[in-house]
Amino acid sequence: MIITATIATTVGLTATMGVTPAASAAPQVGPDVSSHQHPGGASINWFAVRASGQQIAMVKATESTWYVNPYFVSDSLAMRAAGLIRGTYHYADPSRPAAPQAIFYATVVLGQNGILDLPPVLDLEHSGGLGPRALAAWTREFFAVLEPLTGRKTILYTYPNFWNTAMGATREFADHPLWIASYNGRSAPQMPRGGWRTWRFWQFTSSGYLPGVPTRVDLNRYNGSIASLRAYGNAINVFGS
């Protein structure tokens, strides 16, 4: 993903206080990639990624209603062959209607609902010119169309400044698992003012290095144990997983 605003820093508290736990309890689990990780058509060696200790990989599938990542199929199949827990995401274009984008995404990732598949992800980091109320309505419609098609609760990717401004810090979507981008160099991410008490995934850098990936790459932590992560990936066909 591409973050277009500076993300402020904060110090996290412990989970027993009802907010984000320290990253020392949150293992680095894997990268998320798009076509940018394939310079000149270069391949990603997903077996090398897995051998380096990574547990998951997330790949961009679609954007708006017109773009499919040309490396989506090859990356997705190779991630599965390497034994990685697999995730995909849709890059939101709120300048266009939500429902067709949800259908488009669901159609492209039709096979992403099996063993070791994470729930789908909405990457929301641009307003498309919409104000906070209209953008919240757009997001609501996207989820309302996508979730009956996938049978799973959509993960929401965003970053604090965007949520606090473009989304007006709405708490409407606090029931969706949060994947937060926060490059603060601290032991816990900055949280948006969106009602979330905790986070599911934390994208803590956009400039990591991994064996098998020919460019710098986003890296993520998971808020829980590796065993619970694998259970989350295995929770197939259960709405609300």
- What number of residues in the range 88-121 are part of a helix (DSSP H, G or I), of a type outside the set (Gly, Ala, Ser) and touching a helix residue (DSSP H, G or I) at 6+ places or on another chain (Cβ under 9 Å)? 6
- Message: Between Trp199, Trp179, which is closer than 16 Å to Met58 by Cβ and assigned to a strand (DSSP E or B)?
- Response: Trp179
- Message: So Ile226 ticks every box in (1) touching a Phe, Trp or Tyr at 6+ places or on another chain (Cβ under 7 Å); (2) open to solvent by 40 Å² or more (accessible area, probe 1.4 Å); (3) within 25 Å of Gly111 (Cα to Cα) but one. Which box is left unticked?
- Response: (1)
- Item | Pairs, first farther than 27 Å from Ala48 by Cα and among the polar types (S, T, N, Q) in the range 83-98, second assigned to a loop (DSSP other than H, G, I, E, B) and open to solvent by 10 Å² or more (accessible area, probe 1.4 Å), C-beta under 9 Å, six or more apart | Ser95/His126; Ser95/Ser127; Ser95/Gly128; Ser95/Gly129; Ser95/Leu130
- Message: On the basis of being open to solvent by less than 30 Å² (accessible area, probe 1.4 Å), part of a loop (DSSP other than H, G, I, E, B), of a type in the set (S, T, N, Q) and in contact (Cβ under 8 Å) with a residue 60 or more places away in the chain, does Asn220 make the cut?
- Response: no
- Residues of the range 152-175 classified as assigned to a strand (DSSP E or B) and without any contact (Cβ under 8 Å) to a residue 40 or more places away in the chain, total: 2
- Restricted to the range 148-176 and to residues being of a type in the set (Ser, Thr, Tyr) and more than 21 Å from Met58 (Cα to Cα), the residue most open to solvent (accessible area, probe 1.4 Å) is Thr165
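The values are calculated or read from the model by the stated rules, or taken from the named source; none is laboratory data. Keep in mind that what you see is a predicted model, and the values were worked out from it rather than measured. Cβ coordinates were reconstructed from backbone atoms using ideal geometry, including for glycine residues, and neighbour counts include every protein chain displayed. Ligands, DNA and RNA are excluded from the accessible area calculation, which covers all protein heavy atoms including side chains. Shrake-Rupley method; radii C 1.70, N 1.55, O 1.52, S 1.80 Å.
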